[in-house]
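A quick write-up on the structure given underneath.
The values are calculated or read from the model by the stated rules, or taken from the named source; none is laboratory data. Note that the structure is a prediction, hence the values are computed from the model and not measured. Glycine gets a Cβ as well: all are built from the backbone with ideal geometry, and neighbour counts include every protein chain shown. We work out accessible area using only protein heavy atoms, side chains counted, and drop any ligands, DNA or RNA first. Shrake-Rupley method; radii C 1.70, N 1.55, O 1.52, S 1.80 Å.
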Amino acid sequence: MTTLLISHPSGLQHATPAGHPERADRIRAVERALEDERFATLQRVTAPQGTMAQVELCHPAAYAQAIAAASPEQGLVAIDADTTMSPGTLSAVLHGVGAAVHAVDEVMTGRAANAFSAMRPPGHHAETDRAMGFCFFNNAAIAARHAQQAHGAERVAILDWDVHHGNGTQEIFWSDASVLYASLHEMPLFPGTGAASERGEHGTIVNAPLRAGDGSDVFRDAFESAVLPRLAAFRPDLVIISAGFDAHWRDPLANLNLKEPDFAWATQKLMELADRHAGGRLVSILEGGYDLEGLSKSVAAHVMALMRG
Ligand SMILES: [Zn+2]
């Protein structure tokens, strides 16, 4: 079985203001890195466009329609301080949803061993009815609910190693014992949530905050002591990674010092967990990562690990 790489050209058409870190060059850098012959056996597919019904697995119809209605015919419209829509944004975010859902379909039915969605903008800051932090619809959360509703997954684990806390995913699943959300992130940092004391209504939220300057050792210790035992005890039917690469030492938006092998290591740990409890089923969804070299090399290490290379 193969690793699936899902993308769509609309990911390049979401324009952001000049100088904005969340830019189309991120996807170009990822695509260039994955063109290397080491990735020749990846199964590459074009993402279908997600539907409003899929968006509504996690967001109210009124919110989804408000985002669609805000889509400009030209220029940029600000949704919040750092989240803007261009004429290409709606198609990009819907294909991001479609990519996440398709990844789940292919992995849950056993047609792919695992999958990586290389779409932008990211999604983990999007709350039930609030766009923020470059995010509109929460792709990882929608993927989890889709796995439950379309494929009968009972327990889904979302592991978020983006350097920012995934406040949106936490908010969506705060009272849902069937989805475990675990995050390693720098704190204090945007968006301000993610203290270890935030545990959710059923104790299925696991936050492992790290401090500015922390690197590989602290990250791996926290991953092994605070996160992995909780994931193993949860026995997920599917593992979803909110894969941001802005904890890389080169990243301009944060101050952790991870290197590419750390992402490969964490990927392997989650694959072992998925092998033990979930028949290997694992879906990874691109979130942040704003230094083009750090992002592309880290994605390469991550996807190589997914391919068991
Ligand atoms: Zn981030």
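When the P(r) is computed for the range 58-122, the part past 13 Å accounts for 69% of the Cα-Cα pairs.
Using C-alpha pairs under 8 Å with a sequence gap of at least 6, the mean separation divided by the residue count of the range 166-217 gives a relative contact order of 39 percent. Which of rounded, prolate or oblate describes the range 13-129 when judged by the alpha-carbon gyration tensor and an a/c cut-off of 1.5? Because a/c hits 1.5 or more and a/b fails to exceed b/c, the range 13-129 counts as oblate.
Per-atom-type breakdown for the range 236-294 gives carbon and sulfur 46% of the accessible area (1.4 Å probe, protein chains only). Measuring nothing but alpha carbons in the range 120-159 and taking Rh as the Kirkwood radius, the Rg to Rh ratio lands at 1.04.
Rolling a 1.4 Å probe over the heavy atoms of the protein chains gives the range 206-258 an accessible area of 39 Å² per residue. Between residue 52 and residue 249, the C-beta separation translates, for a Förster distance of 30 Å, into a calculated FRET efficiency of about 0.15. Cut-off 12 Å, label point 7 angstrom out along Cα-to-Cβ of residue 293: give me the residues of the range 221-256 whose amide nitrogen falls inside. Label zone hits: 249-251. Normalising the average separation of contacting C-alpha pairs (under 8 angstrom, six or more residues apart) by the number of residues puts the relative contact order of the range 193-275 at 28 percent. Ignoring ligands, DNA and RNA, what percent of the 1.4 Å accessible area of the range 31-187 is carbon and sulfur? Using a 1.4 Å probe with all protein chains present, the range 31-187 comes out at 48 percent carbon and sulfur. Here the simple spin-label model places points 7 Å from the Cα toward Cβ, and for residue 216 and residue 18 these points are separated by 4.0 nm.
Going by a ≥ b ≥ c, the root eigenvalues of the Cα gyration tensor, does the range 162-245 fall in the rounded group (a/c under 1.5), the prolate group (a/b larger than b/c) or the oblate group? It comes out oblate by the Cα gyration axes. Measuring spread by the Cα atoms of the chain yields a radius of gyration and Dmax of 17.3, 50 Å. Of the trypsin sites (Lys or Arg not before Pro) found in the range 151-231, the ones in coil according to DSSP and having at most 14 other Cβ atoms within 10 Å of their Cβ are 199, 211.
Between residue 65 and residue 151, the simple spin-label model (points 7 angstrom out along Cα→Cβ) gives 3.1 nm.
Between amide H atoms placed 1.01 Å from N, distances below 5 Å from residue 126 occur with 132, 168, all of them 5 or more places distant or on a separate chain. For the chain, the longest piece that avoids every one of the GluC sites (Glu not before Pro) found in DSSP loops with at most 13 other C-beta atoms within 10 Å covers 202-309. Does the range 184-287 classify as rounded, prolate or oblate by the C-alpha gyration tensor (a ≥ b ≥ c root eigenvalues; a/c under 1.5 gives rounded; else a/b over b/c gives prolate, otherwise oblate)? In terms of gyration-tensor shape, oblate.
Relative contact order for the chain: 19 percent, from Cα pairs under 8 Å spaced at least 6 residues apart, divided by residue count.
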